[in-house]
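*Asks:* Before anything else, here's the structure in question.
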Amino acid sequence: MFYRFAKGDAEAGIFRPKVVFIFVRYFFLVSLCLYSLIVSWNLFFLVFFLLFFYITWSILKNYKYVKKIEAFLYLPLIQVISDIAIIKGTLSGLFINL
């Protein structure tokens, strides 16, 4: 569902701020990981802190709807999967128009 919505929005030329933020968030994380591998291993602590913050944020924003212990496992997983679906859908919608 997220994939199809994102693809349709990209095909129509609609770029929502939250979608742009998802791209920026993952670009920053991948760039930081690559930089820490090449230049400085000390940045891995920052990467782990950011991942911990992201996982915590994904739980806190949706736990009020679930209120079960399993949410600590499933909510971060759902967050990452939905982000990937949005990224793939947007890219698919963009490249169809080229």
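*Asks:* I'm told residue 85 meets every condition in (1) touching an Asp or Glu at 6+ places or on another chain (Cβ under 7 Å); (2) open to solvent by less than 30 Å² (accessible area, probe 1.4 Å) except one. Can you identify the failing condition by its number?
*Replies:* With respect to (1) touching an Asp or Glu at 6+ places or on another chain (Cβ under 7 Å); (2) open to solvent by less than 30 Å² (accessible area, probe 1.4 Å), residue 85 is out only on (1).
*Asks:* If you take the residues of the range 1-33 that are β-branched (Val, Ile, Thr) and in contact (Cβ under 8 Å) with a residue 12 or more places away in the chain, which of them is nearest to residue 58 (Cα to Cα)?
*Replies:* That would be 22.
*Asks:* Which one of the conditions (1) more than 26 Å from residue 4 (Cα to Cα); (2) surrounded by 11 or more Cβ atoms within 10 Å (Cβ to Cβ) does residue 62 fail to meet, given that it meets all the rest?
*Replies:* In the conditions (1) more than 26 Å from residue 4 (Cα to Cα); (2) surrounded by 11 or more Cβ atoms within 10 Å (Cβ to Cβ), residue 62 misses (1) alone.
*Asks:* Might you check whether a residue that is part of a helix (DSSP H, G or I), touching a Pro at 6+ places or on another chain (Cβ under 8 Å) and closer than 26 Å to residue 19 by Cβ occurs anywhere in the range 60-83? Lay out the reasoning, then the answer.
*Replies:* Our first condition is that a residue be part of a helix (DSSP H, G or I); within the range 60-83, this holds for 60-66, 71-83.
Add one more test, that the residue is touching a Pro at 6+ places or on another chain (Cβ under 8 Å), and what stays is none.
No, because not a single residue in the range 60-83 is part of a helix (DSSP H, G or I), touching a Pro at 6+ places or on another chain (Cβ under 8 Å) and closer than 26 Å to residue 19 by Cβ.
*Asks:* Continuing with this model, one more query. Could you tell me how many of the residues in the range 73-82 are open to solvent by 30 Å² or more (accessible area, probe 1.4 Å) and closer than 15 Å to residue 56 by Cβ? Don't jump to the end; show me each part of the working.
*Replies:* At the first step, the residues of the range 73-82 found to be open to solvent by 30 Å² or more (accessible area, probe 1.4 Å) are 73-74, 77-78, 80-81.
Next, from what is left, pick out any that are closer than 15 Å to residue 56 by Cβ: 73-74, 77-78, 80.
Residues flagged as open to solvent by 30 Å² or more (accessible area, probe 1.4 Å) and closer than 15 Å to residue 56 by Cβ within the range 73-82 amount to 5.
*Asks:* List pairs: first in the range 34-54 and on the phi < 0 side of the Ramachandran plot, second open to solvent by 100 Å² or more (accessible area, probe 1.4 Å) and at pLDDT below 85, Cβ under 8 Å, 6+ apart or cross-chain?
*Replies:* Here the result reads 36/42, each pair linking the range 34-54 to a residue that is open to solvent by 100 Å² or more (accessible area, probe 1.4 Å) and at pLDDT below 85.
*Asks:* Evaluate the range 5-14: report whether one residue or more is of a type in the set (A, V, I, L, M), surrounded by 10 or more Cβ atoms within 10 Å (Cβ to Cβ), in contact with an Asp or Glu (Cβ under 7 Å, 6 or more places away or on another chain) and under 12 Å from residue 87 (Cα atoms). Spell out the reasoning first.
*Replies:* Within the range 5-14, the first condition is being of a type in the set (A, V, I, L, M), and the residues that meet it are 6, 10, 12, 14.
Filter again for surrounded by 10 or more Cβ atoms within 10 Å (Cβ to Cβ), leaving 6, 10, 12, 14.
Adding the requirement that they be in contact with an Asp or Glu (Cβ under 7 Å, 6 or more places away or on another chain) leaves none.
No, the range 5-14 contains no residue that is of a type in the set (A, V, I, L, M), surrounded by 10 or more Cβ atoms within 10 Å (Cβ to Cβ), in contact with an Asp or Glu (Cβ under 7 Å, 6 or more places away or on another chain) and under 12 Å from residue 87 (Cα atoms).
*Asks:* Looking only at the range 16-42, which residues are open to solvent by 100 Å² or more (accessible area, probe 1.4 Å), farther than 16 Å from residue 82 by Cβ and touching a helix residue (DSSP H, G or I) at 6+ places or on another chain (Cβ under 7 Å)? It would help to see each step written out before you state the result.
*Replies:* Start the filter on the range 16-42 by keeping residues that are open to solvent by 100 Å² or more (accessible area, probe 1.4 Å), which leaves 16-18, 21, 27-28, 35, 38, 41-42.
Filter once more, keeping what is farther than 16 Å from residue 82 by Cβ: 17, 27-28, 35, 38, 41-42.
Residue satisfying the conditions is 35 alone.
*Asks:* Tell me which residues, restricted to the range 35-59, are outside any helix (DSSP H, G or I) and either modelled with pLDDT of 85 or more or of a type in the set (Ser, Thr, Tyr) (or both). Before you say what the answer is, go through the steps one by one.
*Replies:* Of the range 35-59, the ones outside any helix (DSSP H, G or I) are 39-40.
Correct list: 40 only.
The values are calculated or read from the model by the stated rules, or taken from the named source; none is laboratory data. The model shown is predicted, which means the values in this text are computed figures rather than measured ones. Positions of Cβ are backbone-derived with ideal geometry, glycine not excepted, and every protein chain shown enters the neighbour counts. To get the accessible areas, we keep the full protein, side chains included, count just its heavy atoms, and leave off ligands, DNA and RNA. Shrake-Rupley method; radii C 1.70, N 1.55, O 1.52, S 1.80 Å.
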